[in-house]
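Enquirer: Can you keep this structure in mind? I'll have questions shortly.
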Amino acid sequence: MASRVDPSSNDLTVAYRRLSAAYQQTLRYAEDVRRLYQQVQRAIYQSLLGLANALEAKDPYTRGHSERVGAWSRSVAAALGLPPSDVDMIGQAGLLHDIGKIGIPEAVLRKPGELDPDEWAVMRNHPLIGAQIVAPFDFFAAGALMIRHHHERCDGSGYPDGLVGDEIPIGARIITVADVYDALTSNRPYRAALAHATAVGTLTAGAGRIFDEDAVAAFIGLLQSLSTVRHDVGPRPSQHGANGRTPR
Ligand SMILES: [Fe+2]
């Protein structure tokens, strides 16, 4: 006996296949959009890096500083077990943390000596300027906060907002530790680079009070694991401050 085809069943099969094909096409479009979005993000980030490089051209004392702080911040974030997306963001914010110095007059930025109170007031704007530079980019909103708060101190003595402890984003607390170590172990116009042990002593003395305790422990562990640590200490120009409380 010949089998009978149910016309309605056939229509359903055709409709299902069309729906499935449309769904697959939508997935491909979504993947294309995701890839394009990532490309746009990368292009924006490359542009920001261009600005950071421009800063290093403007202020030779920061040369190499941004790269070291970015790399160390990323490693510390990973050592603290933060999610990979946070680790990436912290590394990028570390690289760009001083980007606001592009808006600081060279007379202040390159002054070969201590800043007077008025000059300090100008210099203290650089975290705010940096956050404003990256503010238009929604995908970097967390990084903008890290840039804004990279001179905060856990005891509330930092700037620009005097945040205390956990009020400071963890990324900013990590960047601070790397930033201060690099500042201390860099040559400055008015003093030579301090020894690695001296810088570590400063971080240890401030851990839990000025600096995030976990970030300091992870950072010191990182330095100990780096066989190149001795090469990182020595003649290295920087315009950052001489101690944990008042680096520029
Ligand atoms: Fe800074």
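The values are calculated or read from the model by the stated rules, or taken from the named source; none is laboratory data. Small disclaimer: the values here were computed from a predicted structure and weren't measured. Every residue, glycine among them, receives a Cβ derived from its backbone with ideal geometry; neighbour counts consider all protein chains shown.
Enquirer: Might you let me know whether segment 126-134 holds any residue that is away from the ligand (no atom under 16 Å from the Cβ) and closer than 20 Å to Asp59 by Cβ?
Expert: no
Enquirer: Here is a follow-up. Give me the pairs: first residue in segment 64-88 and over 17 Å from Gln224 (Cβ atoms), second residue modelled with pLDDT under 95 and among the basic types (Lys, Arg), beta-carbon distance under 9 Å, and six or more apart or on different chains, which are they?
Expert: Every condition considered, the pairs that remain are Gly64/Arg236; His65/Arg236.
Enquirer: Another question about this same structure. Out of segment 186-208, which residues are farther than 20 Å from Leu109 by Cβ and buried (at least 17 other Cβ atoms within 10 Å of the Cβ)?
Expert: Those that are farther than 20 Å from Leu109 by Cβ and buried (at least 17 other Cβ atoms within 10 Å of the Cβ): Leu194, His196, Ala199, Val200, Thr202, Leu203, Gly206, Ala207.
Enquirer: Identify, from the list Asp116, Asp59, the residue that is among the charged types (D, E, K, R) and either touching a Cys at 6+ places or on another chain (Cβ under 7 Å) or modelled with pLDDT of 90 or more (or both).
Expert: On inspection, the qualifying residue turns out to be Asp116.
Enquirer: Taking Ile104 as the residue in question, decide whether it is under 25 Å from Ser47 (Cα atoms) and within 11 Å of the ligand (Cβ to nearest atom). Before the answer, list the steps.
Expert: Numbers: under 25 Å from Ser47 (Cα atoms): yes; within 11 Å of the ligand (Cβ to nearest atom): yes.
Spelling it out, Ile104 is indeed under 25 Å from Ser47 (Cα atoms) and within 11 Å of the ligand (Cβ to nearest atom).
Enquirer: If we scan segment 42-51, do we find a residue that is on the phi > 0 side of the Ramachandran plot, without any contact (Cβ under 8 Å) to a residue 12 or more places away in the chain and not hydroxyl-bearing (Ser, Thr, Tyr)? Working first, answer last.
Expert: The initial filter retains those residues of segment 42-51 that are on the phi > 0 side of the Ramachandran plot, namely none.
Within segment 42-51, none of the residues are on the phi > 0 side of the Ramachandran plot, without any contact (Cβ under 8 Å) to a residue 12 or more places away in the chain and not hydroxyl-bearing (Ser, Thr, Tyr).
Enquirer: Residues in segment 141-161: is at least one among the aliphatic types (A, V, I, L, M) and either touching a strand residue (DSSP E or B) at 6+ places or on another chain (Cβ under 7 Å) or within 19 Å of Glu213 (Cβ to Cβ) (or both)?
Expert: Yes, because at least one residue in segment 141-161 is among the aliphatic types (A, V, I, L, M) and either touching a strand residue (DSSP E or B) at 6+ places or on another chain (Cβ under 7 Å) or within 19 Å of Glu213 (Cβ to Cβ) (or both).
Enquirer: Going by the structure shown, is Thr202 over 27 Å from Leu48 (Cβ atoms) and β-branched (Val, Ile, Thr)?
Expert: On the way: over 27 Å from Leu48 (Cβ atoms): yes; β-branched (Val, Ile, Thr): yes.
So Thr202 fits the description; yes.
Enquirer: I've got another one for you. If you check Leu226, Leu194, Leu203, which single one turns out to be at pLDDT 85 or above, away from the ligand (no atom under 16 Å from the Cβ), aliphatic (A, V, I, L, M) and closer than 23 Å to Ala78 by Cβ?
Expert: Being at pLDDT 85 or above, away from the ligand (no atom under 16 Å from the Cβ), aliphatic (A, V, I, L, M) and closer than 23 Å to Ala78 by Cβ holds for just one of Leu226, Leu194, Leu203, which is Leu203.
Enquirer: For segment 185-209, give me the residue count where each residue is part of a loop (DSSP other than H, G, I, E, B) and out of contact with any Ser or Thr (no Cβ under 9 Å at 6 or more places or on another chain).
Expert: Count: 5.
Enquirer: For residues that are part of a helix (DSSP H, G or I) and without any contact (Cβ under 8 Å) to a residue 24 or more places away in the chain, tally how many sit in segment 149-175.
Expert: Qualifying residue count, segment 149-175: 3.
Enquirer: Note down all Cβ pairs under 6 Å where the first residue falls in segment 124-147 and is free of Cβ contacts under 8 Å to residues at least 12 places away in the same chain, the second is of a type in the set (A, V, I, L, M, F, W, C) and buried (at least 17 other Cβ atoms within 10 Å of the Cβ), and they're at least six residues apart or on different chains.
Expert: Ala135/Ala144
Enquirer: Just to confirm my filter: which helices (runs of 4 or more DSSP H) fall fully inside segment 36-148 and include at least 2 residues that are surrounded by fewer than 20 Cβ atoms within 10 Å (Cβ to Cβ) and out of contact with any Leu (no Cβ under 9 Å at 6 or more places or on another chain)?
Expert: Answer list for segment 36-148: 84-96, 106-109, 117-123, 126-134, 141-148.
Enquirer: Report yes if Glu152 is under 19 Å from the mean Cα position of the chain (by Cα) and within 15 Å of the ligand (Cβ to nearest atom), otherwise no. Even if it seems obvious, please write down each step before you answer.
Expert: On the way: under 19 Å from the mean Cα position of the chain (by Cα): yes; within 15 Å of the ligand (Cβ to nearest atom): yes.
The answer is yes for Glu152.
Enquirer: Right, another one. Identify all residues within segment 180-218 that are acidic (Asp, Glu) and in contact with a His (Cβ under 6 Å, 6 or more places away or on another chain); write none if there are none.
Expert: The answer is Asp182, and nothing else.
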